[in-house]
Each structure stands twice: as C-alpha cells, then as structure tokens.
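One structure below.
The values are calculated or read from the model by the stated rules, or taken from the named source; none is laboratory data. What you see is a predicted model; the values in this text were computed from it and never measured. As a convention, Cβ positions derive from the backbone with ideal geometry for all residues, glycine included, and neighbour counts pool all protein chains shown. We work out accessible area using only protein heavy atoms, side chains counted, and drop any ligands, DNA or RNA first. Shrake-Rupley method; radii C 1.70, N 1.55, O 1.52, S 1.80 Å.
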Amino acid sequence: MAGDRKSVVVTGGASGIGRAAAERLARGGWDVLAVDLNAEQLAWTEGAEHVSAMTADVSSEEDNQRIADEADKLFGGLDAAIFNAGITGGGSIDAMPTENFQRVFSINMMGPVLGIRAMLPLLRKRENGSIVVTSSTMGVGGDSENWAYGMAKHALIGLVRSLSRELGWEGIRINALCPGPTKTGMTGNIEEVAPAHYDLLKRAVPLQRWAEADEMASVMEFLVSPGASYVTGHAMVADGGTIVGTGLLEPKAGSQNVIPGGINEVELADER
Ligand SMILES: NC(=O)c1ccc[n+]([C@@H]2O[C@H](COP(=O)([O-])OP(=O)(O)OC[C@H]3O[C@@H](n4cnc5c(N)ncnc54)[C@H](O)[C@@H]3O)[C@@H](O)[C@H]2O)c1
C-alpha cells in the first residue's frame with residue numbers, strides 16, 4: 001500500500017455512479033482500480049491521479065479473477081470493493097426474451113456474487129474490509145415491466161443481509177446502496193428523448209429532482225469509511241424520499257385534506 005492510502009476496486013467505473021465514486025474516492029485518499037466493459041469510456045482515467053483502470057466483464061468468473069490479480073499486483077490487497085456495474089433491462093413477463101433476462105441476471109446479480117468471491121482473499125489481507133453493492137429502489141419496490149431488473153436488485157439485498165452475517169465475524173462489512181433516479185449513462189438523455197417519463201419520475205420524488213451521480217458516490221464513500229464502522233447488512237436508500245410514499249399521490253397532495261369529515265388544515269386553522 002502506498003503511504004496511508006487505502007485501496008478499492010470500483011466496477012462500472014467508466015460512467016455514471018461508478019465513475020463518480022472512483023473520482024470521489026481518489027480525491028479522498030484512496031487508490032482506485034476502475035473496472036468496466038467499456039474501454040472507450042474508461043479513457044477518463046488516463047492521467048487521473050490515483051486511478052488505474054482495466055477492462056473486464058463482471059459477469060465472467062475468469063474476468064473477476066483477472067480483476068483480483070490486477071488489484072493484488074497494484075495494491076497487495078483491498079480495503080474495499082464496490083460492485084456497481086449494471087445494465088437496465090425491461091420487458092413484460094410474457095414477452096421478454098429469455099436471453100435478455102438472463103443477461104440482466106448475469107451482470108446485475110451474478111456479477112457481484114462472482115466479484116465478491118474473487119475479491120474476498122484480498123479483503124482478508126486488510127483489517128476492516130468493506131463491500132458495497134449497488135442495488136436500486138427497484139430492490140425494495142416493484143415496477144411494471146421491470147421484473148428482471150427488480151428481481152436482480154432484490155437479490156442483491158438478500159446477498160448483503162446473508163453475507164453480513166457470514167463475513168461479519170471476520171470484520172468484513174457489506175452494504176447495499178439503493179439509488180433513486182440518477183442522471184448517468186444508464187438514464188442517458190432521457191430528459192430529451194422521453195421528457196414525459198423524466199418529469200413523471202421527477203414529480204414522484206419529494207425532493208422534486210433527479211440525483212446527480214456524485215450524490216450516490218458520497219453515500220458509497222460513507223459506507224466504505226470508518227464512519228460506517230458499525231454499519232453492515234444494510235440497504236441504504238438514497239432516493240430523495242420517493243419510496244416512503246404510497247406512490248398514489250404527488251408529494252404535496254395531502255390525502256387527509258381531501259377526505260370529507262377528517263380534521264384538515266382548514267379546520268385546524270379555524271380553531272387557532
Ligand atoms: N441511474 C439510475 O437512475 C440508477 C438507479 C438505481 C440503480 N442504479 C444502478 O447503479 C449502477 C450504476 O449505473 P449507472 O446509473 O451509473 O449507469 P451507467 O450506465 O452510467 O454505468 C454503468 C456502467 O457499468 C458498465 N457495465 C455494464 N455491464 C458491464 C459488465 N458486464 N462488465 C463490466 N462493466 C459493465 C457500463 O459499461 C457502464 O459504464 C447500476 O448497477 C444500476 O443498476 C442506477
């Protein structure tokens with residue numbers, strides 16, 4: 001390990017949340033290995049201080065071993081591993097082609113499983129290793145024609161809860177981050193190509209906006225930091241308040257104010 005710097009692998013590090021995490025951690029005292037399938041988009045790492053990069057497919061067992069070998073060569077162990085690479089994949093239960101949902105499962109669900117297995121020996125070389133996997137609000141709720149993605153993201157929370165118990169005795173923590181709608185490569189130029197959908201999602205968020213990728217990266221930074229030393233097995237939702245609602249009403253449409261006979265704001269104001 002170079003000086004006091006800690007070391008971390010970030011998958012999906014070419015774009016969006018993974019890139020933001022790699023940049024933030026490199027600024028914050030970490031040596032980062034950014035991993036992605038997309039070699040072109042990894043170009044941002046060229047000349048970036050404290051960031052190395054490699055191309056790999058997280059759904060491949062062999063590639064995960066290559067990632068571990070590279071991290072071992074660079075850092076001689078790992079203090080943290082962030083399994084964040086993912087793809088979207090919508091489609092109805094009737095029509096979604098089998099190969100499509102199997103691809104969603106192999107990248108979004110099996111990617112972190114294979115990654116954790118490959119990276120564990122490196123995490124065990126350090127004290128207080130920690131793991132973060134990127135789930136989603138789709139890992140705690142459901143949505144129409146998004147069952148495969150949602151199923152994979154739910155599975156990650158199951159993985160985190162089970163492994164927190166399996167690895168806790170070794171001092172290794174594992175948590176999930178569940179982002180809400182975040183502006184990244186995945187959501188691309190949705191604002192231009194599907195403005196109605198973009199607005200609909202925005203209106204469902206009490207904070208009334210999409211998140212920036214760095215707002216997710218900052219939660220990841222916390223989860224791998226000593227500040228989260230007693231946090232494990234947790235699915236941390238960062239969604240601007242979306243999932244705590246029923247989804248039936250817009251954030252400011254107070255249901256109690258429209259129910260006849262209920263005590264409402266007007267009556268309370270009259271009493272005062
Ligand atoms: N953007 C959102 O609104 C949102 C919301 C909830 C969860 N997420 C999750 O956040 C994570 C990051 O996504 P993002 O929004 O930053 O999207 P993104 O497309 O900007 O980044 C994902 C990265 O993963 C890489 N990747 C895809 N398949 C890979 C593979 N097989 N091997 C290696 N790399 C691969 C892509 O090349 C890309 O660089 C994903 O797991 C996604 O499901 C995103």
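Restricting L120, L177 to residues that are closer than 28 Å to F75 by Cα and surrounded by 21 or more Cβ atoms within 10 Å (Cβ to Cβ) narrows the list to L177. Within region 41-77, the residues that satisfy the criterion of being part of a loop (DSSP other than H, G, I, E, B), farther than 21 Å from L156 by Cα and either within 20 Å of the chain's Cα centre (by Cα) or without any contact (Cβ under 8 Å) to a residue 12 or more places away in the chain (or both) are E46, G47. Scanning region 10-28 for residues that are near the ligand (Cβ under 6 Å from one of its atoms) and not polar (S, T, N, Q) turns up G12, A14, G16, I17, G18.
Here the condition is being charged (D, E, K, R), open to solvent by less than 30 Å² (accessible area, probe 1.4 Å) and within 15 Å of the ligand (Cβ to nearest atom); of D31, D79, D36, it holds for D36 alone. Tell me, which residue of region 191-209 that is open to solvent by 100 Å² or more (accessible area, probe 1.4 Å) and not in a helix (DSSP H, G or I) is farthest from V237 (Cα to Cα)? Per the stated criteria, the residue is R209.
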